[in-house]
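Below you'll find the structure, written out as structure tokens, and then a few comments.
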Amino acid sequence: MDTALSWRRIYLDCDELPIRHIDLSFGINYVRRPVKDERRDIFRHCLEWPALLPTQLKDLVALLNEALVLPMSEEFDALLALDWYKIPDDDLPPEVWDNTEVGELVRQAKYFVTNTSRQRAARKDLVRRLADAMVRHPALNSAFYVVSVPGHQGDGTSTGELIAADLAARTGKTLVSTTGQPRPQRKDDRSVDLVGMFTLPMKLDAPCVIVDDVYRSGDTIREVARVARQAGAPRVYGLAAAKTLRS
């Protein structure tokens with residue numbers, strides 16, 4: 001997403017999704033101006049504020065450039081992942097593609113069970129990066145709750161749940177631990193109906209961020225988002241560490 005900023009205008013080359021994040025963070029307090037002819041080959045949008053640009057706009061736009069702004073279903077107000085899990089390479093089969101930096105941290109946090117110090121360090125690094133993204137995103141940072149996504153074992157000890165708990169502690173937000181029954185892993189069996197499988201222990205009277213380590217098809221985190229809506233959350237945001245290339 002190419003950008004250019006002046007004292008009260010920002011030019012963007014993007015679709016509508018990143019603008020949705022801007023709207024949620026700062027409100028629709030701007031006017032859309034036509035992009036000047038000499039800039040149309042670079043930019044698609046021009047947003048003009050009546051006074052100075054919002055203080056945190058530059059940081060948010062930088063984050064939206066670095067991260068993955070994911071398409072969202074009706075359950076979400078906004079959805080973001082830090083990076084892809086893998087780095088595509090047309091000369092190699094997908095199973096031997098290298099991991100991104102974030103993808104490698106996720107791998108270590110999930111699977112380094114015989115090297116617990118490295119596993120904890122990877123999880124700590126992921127939490128730091130997720131917290132940084134949250135602070136730079138005013139809408140996500142305004143959330144009162146961090147909501148976890150139950151792992152397939154249903155025992156509250158999945159990597160995603162541990163990351164959500166650590167992130168809540170680091171950012172000073174209230175952790176809401178979603179409970180769920182044991183189930184097959186979604187990457188192995190997507191025929192399992194998740195509707196009605198998850199429960200929140202309380203009503204949600206403020207915005208929440210649903211946090212997970214990996215976003216694949218999105219089926220599981222969407223079902224948690226649906227339950228959060230039913231529990232009363234006025235805004236539901238999603239934040240994942242890595243997005244797989246295949247759903």
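The values are calculated or read from the model by the stated rules, or taken from the named source; none is laboratory data. Everything numeric here is computed off the predicted structure, so don't read it as measured data. Every residue, glycine as well, gets a Cβ built from its backbone with ideal geometry; the counts of neighbours run over all protein chains shown. When the accessible area is computed, the model is the full protein with side chains, heavy atoms only, and any ligands, DNA or RNA have been set aside. Shrake-Rupley method; radii C 1.70, N 1.55, O 1.52, S 1.80 Å.
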**Request:** Considering (1) small (Gly, Ala, Ser); (2) open to solvent by less than 40 Å² (accessible area, probe 1.4 Å); (3) farther than 19 Å from GLY238 by Cα, say which one SER117 fails and leave the rest.
**Result:** (2)
**Request:** Considering only the range 159-178, state which residues are free of Cβ contacts under 8 Å to residues at least 40 places away in the same chain, in contact with a Ser or Thr (Cβ under 9 Å, 6 or more places away or on another chain) and either at positive phi or among the polar types (S, T, N, Q) (or both).
**Result:** SER177
**Asked** How about the range 93-111: which of its residues are assigned to a helix (DSSP H, G or I) and of a type in the set (Asp, Glu)?
**Response** GLU95, GLU101, GLU104
**Asked** Do we have any residue at all in the range 84-94 that's touching a strand residue (DSSP E or B) at 6+ places or on another chain (Cβ under 6 Å), at pLDDT below 95 and surrounded by fewer than 22 Cβ atoms within 10 Å (Cβ to Cβ)?
**Response** no
**Request:** Could you run through the range 33-53 and say how many residues are open to solvent by 30 Å² or more (accessible area, probe 1.4 Å) and touching an Asp or Glu at 6+ places or on another chain (Cβ under 8 Å)?
**Result:** 3
**Fill in**
Residue hits (the range 95-110; of a type in the set (A, V, I, L, M) and modelled with pLDDT of 95 or more) are VAL102, LEU105, VAL106, ALA109
**Request:** Go through the range 54-77 and give me each residue that's among the acidic types (Asp, Glu) and open to solvent by less than 20 Å² (accessible area, probe 1.4 Å).
**Result:** ASP77
**Asked** Right, PHE112: touching a helix residue (DSSP H, G or I) at 6+ places or on another chain (Cβ under 8 Å), without any contact (Cβ under 8 Å) to a residue 40 or more places away in the chain and within 30 Å of SER158 (Cβ to Cβ) or not?
**Response** yes
**Request:** Tell me which residues, restricted to the range 223-238, are part of a loop (DSSP other than H, G, I, E, B) and open to solvent by 30 Å² or more (accessible area, probe 1.4 Å).
**Result:** GLY232, PRO234, ARG235
**Message:** Looking at the range 184-205, can you tell me whether even one residue there is open to solvent by less than 30 Å² (accessible area, probe 1.4 Å), at pLDDT 95 or above and under 25 Å from ASP83 (Cα atoms)?
**Reply:** no
**Exclusive hit being more than 28 Å from PRO54 (Cα to Cα) and either in contact (Cβ under 8 Å) with a residue 12 or more places away in the chain or open to solvent by less than 50 Å² (accessible area, probe 1.4 Å) (or both), set LEU105, LEU130** = LEU105
**Prompt:** Only one of (1) open to solvent by less than 10 Å² (accessible area, probe 1.4 Å); (2) in a loop (DSSP other than H, G, I, E, B); (3) under 22 Å from ARG129 (Cβ atoms) is not met by ALA241, so which one is it?
**Reply:** (2)
**Complete:** Inside the range 192-222, the number of residues satisfying the requirement of being part of a loop (DSSP other than H, G, I, E, B) and hydrophobic (A, V, I, L, M, F, W, C) is 8
**Message:** Just to be sure I understand, how many residues within the range 1-53 are part of a loop (DSSP other than H, G, I, E, B) and of a type in the set (Asp, Glu)?
**Reply:** 2
